[in-house]
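Everything on this sheet refers to the single structure shown next.
The values are calculated or read from the model by the stated rules, or taken from the named source; none is laboratory data. Please read these numbers as outputs of a predicted model, since none were measured by experiment. Neighbour counts are summed over all protein chains in view; Cβ atoms, including those assigned to glycine, are modelled from backbone coordinates with ideal geometry. Calculation scope for accessible area: heavy atoms of the full protein, side chains included, ligands and nucleic acids excluded. Shrake-Rupley method; radii C 1.70, N 1.55, O 1.52, S 1.80 Å.
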Amino acid sequence: MGCSGCRVRFNFGKVLSKVSVFFTMVLIFTYVFYCLTGLCDSAPRTLYSHQASYYDTADDLRPSPRLLPDAPRLRNRTDSADAAQVDAPARQLPLHAADGAKKSAESNGIPVSNSFGTKRFPQALIVGVKKGGTRALLEFLRIHPDVRAVGAEPHFFDRFYDKGLEWYRSLMPRTLDGQITMEKTPSYFVTKEAPSRVCSMNCQAKLIVVVRDPVTRAVSDYTQTLSKNPGLPSFQSLALKNTTTGLIDTTWSAVRIGLYAKHLENWLRHFPLSHFLFVSGERLVSDPAGEMGRVQDFLGLKRVVSEKHFYFNQTKGFPCLKKPEGSSRPRCLGKSKGRPHPEIPSEVLQTLRDFYRPFNHRFYQMSGQDFGWD
């Protein structure tokens, strides 16, 4: 009898041990399953796993695997699982928490890398025009905390379209929710294929065109080329097919770019006028804060960039950004900007003005703005 009771207690102990092992295995498998499905991302982690790149101003240009450029499923990004991945919201810390993590990491000598946020296709592009003031506009916009932009010109929609949309997206900086991804490539505006290609990425994209008096722009374009090629023929020999008749050579790119109405017609086949903002290159010099106010409104941003950010550089002849906090010098565009223009015969400039006048008026009508170039 006594031995029988011992066996019962012994068997009960074995059963209890097996039950404990069973529940332990269930817990382990449950935890592994949650982690594999991404549901344990909310679990507390150490500071090292939260070090982020939102604070790293350098652009992340690491390439990703290529994607064929004309894949139909990318025309409407809601049509595929890949699209969901592109537009998936970033899992990230709140800004105040990220700021605290960044300060703690810096105080401990831990490098802060760019890992917060998501690489997205641009919601807004500066598409033109060359020598209009696009670099200045981009640098002014990058002051805004809700704008992240590629520093270099990607030239995707005119030169590297064969690399595919995924390659293009890999060039973009990471953004948090509420931030805008941007890039600028001025040659897009004059590239015939660019509008349809941009629309295949995002037909809702906002498009900014910085325009300038086409005569002054042509001279500036020539000046830049001359600085790289001192043996360049004279401006008038390139601009005029025949100096006697005054016939303009529209095949010369410096002249052709200034036909804004022609290029805009091409873009309006794919985008409504409401998707465009036309920024005056002249007003970007004379009233940068005013033009930046218009740009920020167009992008749906709070007006952060204002008069306090600018000062006029008398030597260069255009506005520069005041020095940022903690910097020893102001931020001004490089020596390639603000070059002195060569002397051009006045009759050649007048011939060009007469040539551009009807195109300018047409552009005023199309854009709804009179830029006062005549």
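So here's what we get for this one:
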read-out	value
Single unsatisfied condition, LEU226 versus (1) in a helix (DSSP H, G or I); (2) closer than 26 Å to HIS270 by Cβ; (3) among the aliphatic types (A, V, I, L, M); (4) open to solvent by 20 Å² or more (accessible area, probe 1.4 Å)	(2)
Residues of the range 179-219 satisfying the condition of being open to solvent by 10 Å² or more (accessible area, probe 1.4 Å) and hydroxyl-bearing (Ser, Thr, Tyr)	SER187, THR191, SER196, SER200, THR216
Within the range 266-290, tally of residues that are within 15 Å of GLY133 (Cα to Cα) and in contact (Cβ under 8 Å) with a residue 24 or more places away in the chain	9
Single match in THR251, THR245 (criterion: at pLDDT below 95, open to solvent by 10 Å² or more (accessible area, probe 1.4 Å) and among the β-branched types (Val, Ile, Thr))	THR245
Members of the range 359-374 that are in contact (Cβ under 8 Å) with a residue 60 or more places away in the chain and of a type in the set (Phe, Trp, Tyr)	PHE359, PHE363, PHE371, TRP373
Top-ranked residue in the range 142-178 [being in a helix (DSSP H, G or I) and open to solvent by 10 Å² or more (accessible area, probe 1.4 Å); ranked as nearest to LYS130 (Cα to Cα)]	TYR161
Strands (runs of 3 or more DSSP E) lying entirely in the range 269-335 (those with 3 or more residues that are open to solvent by less than 50 Å² (accessible area, probe 1.4 Å) and modelled with pLDDT under 95)	318-321
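Listed here are the residues, each with its yes/no results for (1) among the β-branched types (Val, Ile, Thr); (2) modelled with pLDDT of 95 or more; (3) outside any helix (DSSP H, G or I).
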site: ALA101; (1), (2), (3): no, no, no
site: PHE116; (1), (2), (3): no, no, yes
site: LYS130; (1), (2), (3): no, yes, yes
site: ALA136; (1), (2), (3): no, no, no
